[in-house]
Amino acid sequence: GMAAPHAEWVPPAWACVPGSRLMFRVTRSGAPLDDIPLWNHGVYVFGRNTDGVTCGRVTLEHESISRRHAAVVHDMQKNTFIIDLGSRHGTRLDGKTLPPRRYVPLQEGHTVTFGASTRLYKLAVEGRSGS
């Protein structure tokens, strides 16, 4: 049948730019691919089609990624969260699938994967050597 469309997720009013230069270090099979800065906006939306997103946005190419897959959100207390936006193939934090549409704390050293993509996204602070 026709499933009711999900209401489009709206970034929360409490989101704000983080105080430190947080980023995702992206690797595949241990090889570094990219660093994605997460410090210029309070919210970053990750997905295959982020057209129309007015905050930070990161396009993910893998075919298992939903149009608006997940978001990283910072608050004024220096906390960072990840939220799965009801993606079809899920978001994992340190290997555990996130419940959809719930803010889950994301801390330095945590690793995120999106859908069936084998890329690992590890939260890091620029200039600080991680393991």
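Things to note:
- Matching residues in segment 82-114 - criterion: being touching a Lys or Arg at 6+ places or on another chain (Cβ under 9 Å) and open to solvent by 60 Å² or more (accessible area, probe 1.4 Å): Glu108
- Positions within segment 46-60 being touching a His at 6+ places or on another chain (Cβ under 7 Å) and of a type in the set (A, V, I, L, M), in sequence order: Leu60
- Test: residue in segment 74-81 that is surrounded by 19 or more Cβ atoms within 10 Å (Cβ to Cβ), farther than 18 Å from Pro105 by Cβ and out of contact with any Leu (no Cβ under 6 Å at 6 or more places or on another chain): no
- Among (1) in contact with a Leu (Cβ under 9 Å, 6 or more places away or on another chain); (2) open to solvent by 20 Å² or more (accessible area, probe 1.4 Å), the one test that Asp35 misses: (1)
- Residue-level analysis places Asn49 among those that are open to solvent by 10 Å² or more (accessible area, probe 1.4 Å), farther than 15 Å from Tyr103 by Cα and of a type outside the set (Gly, Ala, Ser).
- Among (1) in a loop (DSSP other than H, G, I, E, B); (2) open to solvent by 40 Å² or more (accessible area, probe 1.4 Å); (3) at pLDDT 95 or above, the one test that Ser117 misses: (2)
- Pairs linking a residue in segment 1-20 that is at positive phi and open to solvent by less than 80 Å² (accessible area, probe 1.4 Å) to a residue that is at pLDDT 90 or above and of a type in the set (Phe, Trp, Tyr), with Cβ atoms under 9 Å and 6 or more positions apart or on different chains, do not occur.
- First in segment 91-116 and in contact (Cβ under 8 Å) with a residue 40 or more places away in the chain, second anywhere and polar (S, T, N, Q) and buried (at least 16 other Cβ atoms within 10 Å of the Cβ), Cβ under 7 Å, 6 or more apart: Val112/Thr91; Phe114/Thr91; Gly115/Ser87
- Annotation note: of Asp84, Asp75, Asp51, the sole residue that is of a type in the set (Asp, Glu), under 22 Å from Trp9 (Cα atoms) and within 10 Å of the chain's Cα centre (by Cα) is Asp84.
- Here the strands (runs of 3 or more DSSP E) wholly within segment 1-83 that include at least 2 residues being at pLDDT 95 or above, out of contact with any Ser or Thr (no Cβ under 8 Å at 6 or more places or on another chain) and of a type outside the set (Phe, Trp, Tyr) are 22-28, 31-37, 43-47.
The values are calculated or read from the model by the stated rules, or taken from the named source; none is laboratory data. The model shown is predicted, which means the values in this text are computed figures rather than measured ones. Cβ atoms come from the backbone with ideal geometry, glycine included; neighbour counts cover every protein chain shown. We work out accessible area using only protein heavy atoms, side chains counted, and drop any ligands, DNA or RNA first. Shrake-Rupley method; radii C 1.70, N 1.55, O 1.52, S 1.80 Å.
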